[in-house]
Each structure stands twice: as structure tokens, then as C-alpha cells.
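**Q** Quick one: the structure is below, questions incoming.
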Amino acid sequence: MNQTHPTDQAKRPTGEGIPRWRVDPLRRIERLIHDIGLLPRLLTAEAVVLALLYAGSMLLIGQLADSIQTSSVHGWYLLGKSVAIAIDGTLANSVGVLRDSATWYREAMGEGQADQAQDVLDLTAQHSPVFTGGVVVVGPDRRILSADQPHASLIGHELGAAWPSATAGEGSASNAVAWGLHEPDTKRDVVAIAVPLSTQRGGGYLVGIIDSGQSEIDRILGAAVQLGQSGHADLLDRQCHVLLSTEPSHLLGTGDHPTFCHQMFARGQPGIGEAETEEAESGPLQGPHVMAHIPLSTFPWALEIGTSTADVYGPSDRLRTGSLVALVIFTGLAFLATTISIRKVVEPVTELNATARRIAGGEHTETISTPWGGEIGELAQSLETMRVRLASWAASLEEQVEKRTLELEQRNRDLEALYESLRQQEAQRQDLLGRVLTAQEDERRRVSRELHDSIGQAFWALALNLERLQSRPDCTEELRAELESLRTLATDSLGDLRRLTIALRPAALDDLGLVPAIRRYAELYLREAGVQFEVVEHGLEHRLDPFLETIVYRVVQEAINNVARHSGAHRARIELSATADTIVATVEDDGLGGDLSPAKWGVGLQGMNERASLAGGKLTITSAPGSGTTVSLEVPRSNLPRRGNDEQRESPDR
């Protein structure tokens, strides 16, 4: 069998395919919107529109700032590429010039023309914008053998101890080597480019010396970094040693970004990115930098050029901050202006709403002026027309109400007179019924006493005489048997007579009180019917008013008769209790029960209810099939009517 999960039932569509769990929040939102006034609704719509415009503007500004930032980063990358191309061309040209000079120098020395060889060195140094530190000839022992005239003082000095291997094929300048060194004699940081003077190994070199800060390459680097406020550029070898730099303190050191340099050399590709500054910096150079790393083709070097992130991202950040402030101010002013305008627009509607409320409250005398045009003016005119009609209807209605009020007052007076007549008749009926019941009780008492005093005594005397005749010696057995039969008949008749007198009016009720009379009656009828019973009393130490005792006794008597004759019960409980204000009598049985609603009451139950109402009490009968029956009587002890002969007799205390 297919089973449906409870959550599936909860999510079934309730209308137009929308699940119930979605419909309820939508209805709540719709109800909330309907409950909001016109002004808050317009202000909310205004705030939403301005918020959307603000968010859209910030999104566009953010995109523009990102574009500016990307352009700035890309600009530095393109600048690095351009500078690297320029440096590559300069180095390649310088290596070519140095190689040609080496050829001319070798030929001049081979022909023994030392002066011409010296001219080659002088002209090379004079016309090269790169070799500002001079052009020298270095022997196999790394000592300078010859130099151009401005740098003749270098002759005899050793050209550094860190002489690199002269293996050909490093970069595009084959057979040329380049390295950075610190000259211990001249105390200068320079870059040396050497080409061999002969094809034989160890035959000496022609070396061009680049003096840092004075060469064409330094000029190119300086011109490039002038585009930024905090830019710097370094020319580095594969060990990330700075060969040339716009910051002289970095020469032959590791620079500001050695980790970034090693990572980019390992990649072997040009690129740009953020590089952490690994040496303490001050001023605008503090913090990370955006650096472009461009490898060179002439030598295994690379150009690193860039500036601080504040310099690169500053324009976009200032655009965001300035736009944010401007948008906040503009949005605030726009909200203020539109709020004032909306209030002016809503003000007539608010006034009309207040007027409509006064009209709804019954004020129809105030005339509605219509100083506005358009839809609001039409609404005001319609409201004025409605006010006039309502005032006319109210006057007519008031006249009709006054007329109807007079008619109702007359009818109320008639109904009051009728009610008073019925009340008097009911009082007379109650008084008459009370007198009838009292007369009935008096007659029952009289008949009961006469039966007891006359016929009862006669039956008792007859039984004694028959017993005396049976005891005579001359009485035969046959006569004695007949006399015994007559005596038994007399005794049974006497018992029936006693029951009759008790049913009519028990002498115990007058002599002993309510509880002994009820207990005696229950013994006669319930025990004979085979019903076990108990009589319980609370607060009845003193005698009650005779009339009240009679009412309670007759109701309980009828309830006992019903238990004995109709209930089929095995047990019954009779409880009598009294308080300072009320008397409560309850008769319960475990019999068959049944439907004993007031509509199905017989003569006996109606008589019980009539007696209860005569005493100002209440009779309650509770019964259900198979659940037994409970009869409860509750009557007040005060304000009892005085009836017939009972009003002449007082209740003695027990």
C-alpha cells in the first residue's frame, strides 16, 4: 500500500501550484503591506529604489575601480616589457661594439701598431653610452694590461676576484660574459662585459665596464620609474643579485624581493604580481610592491620594475572611497528631498482620511473643502457628496429611531404590565399549589391517624381475641386451625394497614423528624425489594421546618419507590446533608438507568420537580443506560412559605 509522508501532505499545493508552507508567509507579507499606511508605503518604496540605485552605482563604481586597477597593473607590465626591450637592444649593441673593437684591437696589435690599438680603446669608450667605466684589456692573470686614456689609472689592477667562467653560449651574446663586481682598488660597484681577444682559450679579454649611475641603462631605468611616485627598477642576474638599480644601495645585494625573484626565475616566464618587501623600507616604499619580472635575451638577466601597492591601487581605492562618500551624501539629500515631496503629495490624502474618519464617527456637519485638483479633488468632491447624503440619511434615521423608540417604550410598558400580571398569577398558583399540597398532607395525616387509631386497633384487638380463643381448652383442632387462619389474616391486614399509614403520612416524620422517617420508609420498601441501602446524614442534628421536611420527604419517598419498582438495582445510597443555607438530598442506585431527560418525565418525576420548585429548590436527575440513576434535590433553608396547618407548628430541637 502506498503511504504518504506527513511532510508531503504539508507541502501539497493549496492553490495555483504554490505549497502551503510558501503561501502562508506570502499571505502574511501581503497582509502586512495592506496594513501599512500610504506615507510609510511610499517612503518604503522610495528607500528601496534609492537603495537599489545606490547598490547599482556602487557596483558600477567597483567595476570601474577594478578596471582602473587592472589597467594600472597592466601598464606597469607593459612598461617593464618596453624597458626590457630597450635594455636588451642596448646590451646587444654594446656587445656587438665590444666584439668589433676586440677584432680591431687584435689586428692592430698583430701588426705591431700599439698606437692604433690604443685609439680603438679610446674611441670605444668615448662613443659607447654604456661603458662609462672605461674599456680595458685584461690578461690571462685577470690584471688590466691596457685601458682607454681617461681610465689609464686602472692599468695594473686586478679586475675582481669573482671572474665568471667564459663559457660561450650564455644568452644571445655568444662568447661574451658579464658579471657584477666591487673593485677593491677604486671602491666602485660596476658591471663588466668581456669578449675574448682570440679564439684560443686564455688569450685575454676586451672588457667594457658599466659604471652604475652613469650609463645609458641607468638612464633608461631612471626614466621608467619616474612614471610612479614610489617606483624602482632593478637589473638582476640569475642569483638575484642586483647589477644595476635606481636605488644605489641595492647594488650587488639581493634587493627588496629575493623570494619573488627566485620564484619568477624558476618559472622562466615574464609576469607581474605582488611581492613582499623583505628589507626594511621607509616612506612611500613601505609595504608590498607590485613588481613586473621580465627576463632579458642578451644575458641570463631579468628586469624587475614596479612600485608600491598604494601607488598602483591608490587611484582605484580613492575612487571607491570618494564615490562612497559622494553617493552617501547624494542618497541622503535625495531621500530628504523626495520625503518632503512625498509628504506634500500625501498630505491631502491624509486630511481626507481624517475627514472620512470623522464622518464615520458621526460628525456630518463639517463641510469638506476641495482646494486640490485631479484625482484628489475628485475624491474630495465625492466624499463631500457622500457626507451630505449621510447627513440626510442620519436625520431621517434619527427620526425613525425616535419613533421606534417611543413604540418600544410603550410595548415595554405593556410587557411589564403583562409580566407583573403573570408573576402575580404564578405567585397565586404557587400559593394555591402550596395550600393544596398542605391540605393534602393534612388530610393524609388525618386519614393515617384514623386508620391507625380505629381500624388498626380493631385489627390488633381481633388478633388478640383470636389468639385467646385458640388457647381455650374446649377448642377443637379443626376450630383452632380456622382461628389460626383468621389470626394470620388479621396480622397481615394489620401490616398492610401499617404500610398504608406510613405511605400516607408516617408518624415518625412528625414525631422523630426527616432522617428517621426516610430510614423507616427505606427499610419497608428497599429491603423488601432486595436492595441493599445505606442512609447517610450530615448537619441534620436539629429538626427542620415542617414544610421543608415534608417537601424533602416526599421527593426522597418517590425516588425510593422508583428504585424499588423500576431500577433493577442491587445497591442504593441515600445521603442527606444540611448547611447554613441549603438542604441537599441525593438518592443513587446502580440500576439499569435510561434516558430521563425532562421531556420524558412521567407524573411522579413531574410531581417531584413541582414540589422542589414550590420550596424554591432545584431537582436534578442524572441517568444513562447501564450507569444507574442519581436524583439530587437542593432547596434553600431561608424564606420558606408558610402553608396551612404547618405554619402553626414549630420544629422542636432533637
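**Q** Looking at Leu235, Leu251, which is the one that is of a type outside the set (Gly, Ala, Ser), under 23 Å from Ala178 (Cβ atoms), open to solvent by 20 Å² or more (accessible area, probe 1.4 Å) and in contact with a Leu (Cβ under 8 Å, 6 or more places away or on another chain)?
**A** Exactly one residue qualifies, and that residue is Leu251.
**Q** Here's another thing I want to ask about it. Go through (1) acidic (Asp, Glu); (2) more than 30 Å from Thr132 (Cβ to Cβ); (3) open to solvent by 60 Å² or more (accessible area, probe 1.4 Å) and name the single condition Asp100 misses.
**A** So the condition that Asp100 fails would be (2).
**Q** Checking the structure you have, find out if any residue of the stretch 600-613 is in a strand (DSSP E or B) and without any contact (Cβ under 8 Å) to a residue 40 or more places away in the chain.
**A** no
**Q** Taking into account only those residues within the stretch 607-618 that are open to solvent by less than 30 Å² (accessible area, probe 1.4 Å) and over 13 Å from Glu558 (Cα atoms), which is modelled with the highest pLDDT?
**A** The qualifying residue modelled with the highest pLDDT is Gly617.
**Q** Going by the structure shown, is Val242 touching a Phe, Trp or Tyr at 6+ places or on another chain (Cβ under 7 Å) and either farther than 18 Å from Glu304 by Cβ or at pLDDT 80 or above (or both)?
**A** no
**Q** Of Val23, Val73, which residue is at pLDDT 70 or above and β-branched (Val, Ile, Thr)?
**A** Only one candidate passes the filter, namely Val73.
**Q** Return a yes/no flag: does the stretch 454-468 have any residue that is open to solvent by less than 100 Å² (accessible area, probe 1.4 Å), touching a Gly at 6+ places or on another chain (Cβ under 9 Å) and modelled with pLDDT of 70 or more.
**A** no
**Q** Of the conditions (1) more than 30 Å from Asp234 (Cβ to Cβ); (2) in a helix (DSSP H, G or I), Gly112 satisfies every one except a single condition; which number is it?
**A** Exception for Gly112: condition (2).
**Q** Taking the condition more than 15 Å from Ser627 (Cα to Cα) and open to solvent by 30 Å² or more (accessible area, probe 1.4 Å), does Ala585 pass?
**A** It is false that Ala585 is more than 15 Å from Ser627 (Cα to Cα) and open to solvent by 30 Å² or more (accessible area, probe 1.4 Å).
**Q** A further question follows. Determine whether His127 is buried (at least 16 other Cβ atoms within 10 Å of the Cβ) and either more than 19 Å from Thr298 (Cα to Cα) or modelled with pLDDT under 85 (or both).
**A** The answer is no for His127.
**Q** In the stretch 81-97, how many residues are touching a strand residue (DSSP E or B) at 6+ places or on another chain (Cβ under 7 Å) and open to solvent by 30 Å² or more (accessible area, probe 1.4 Å)?
**A** From the stretch 81-97, those touching a strand residue (DSSP E or B) at 6+ places or on another chain (Cβ under 7 Å) are 81, 83-84, 87, 94-95; that's our starting set.
Checking which are open to solvent by 30 Å² or more (accessible area, probe 1.4 Å) leaves us with 81.
Here the count works out to 1.
**Q** Just to be sure, is Arg642 modelled with pLDDT of 80 or more and open to solvent by 90 Å² or more (accessible area, probe 1.4 Å)?
**A** No.
**Q** Filter the stretch 610-626 down to the residues that are among the aliphatic types (A, V, I, L, M) and either closer than 14 Å to Ala585 by Cα or in contact with a Phe, Trp or Tyr (Cβ under 7 Å, 6 or more places away or on another chain) (or both) and list them by number.
**A** Ala612, Ala615, Leu619, Ile621
**Q** Look through the stretch 477-514, keep the residues that are of a type in the set (Val, Ile, Thr) and at pLDDT below 75, and return whichever of them is surrounded by the fewest Cβ atoms within 10 Å (Cβ to Cβ). It would help to see each step written out before you state the result.
**A** Taking the stretch 477-514 and keeping what is of a type in the set (Val, Ile, Thr), we get 488, 491, 501-502.
Narrowing the set further to residues that are at pLDDT below 75 leaves 491, 501-502.
On the way: Thr491: 16, Thr501: 22, Ile502: 20.
Of everything passing the filter in the stretch 477-514, Thr491 is surrounded by the fewest Cβ atoms within 10 Å (Cβ to Cβ).
Okay, residues lined up against (1) more than 59 Å from the chain's Cα centre (by Cα); (2) hydrophobic (A, V, I, L, M, F, W, C); (3) modelled with pLDDT of 90 or more; (4) surrounded by 11 or more Cβ atoms within 10 Å (Cβ to Cβ):
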{"residue": "His566", "(1), (2), (3), (4)": "yes, no, no, yes"}
{"residue": "Arg573", "(1), (2), (3), (4)": "yes, no, yes, yes"}
{"residue": "Ala578", "(1), (2), (3), (4)": "yes, yes, no, yes"}
{"residue": "Gly593", "(1), (2), (3), (4)": "no, no, no, yes"}
{"residue": "Ser597", "(1), (2), (3), (4)": "no, no, no, no"}
{"residue": "Lys600", "(1), (2), (3), (4)": "no, no, no, no"}
{"residue": "Leu605", "(1), (2), (3), (4)": "yes, yes, no, yes"}
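The values are calculated or read from the model by the stated rules, or taken from the named source; none is laboratory data. Keep in mind the model is a prediction, meaning the values are calculated, not measured. Here the Cβ is made from the backbone with ideal geometry for all residues, glycine too, and neighbour counts use every protein chain on show. All accessible areas refer to the heavy atoms of the entire protein, side chains included, with ligands and DNA or RNA removed. Shrake-Rupley method; radii C 1.70, N 1.55, O 1.52, S 1.80 Å.
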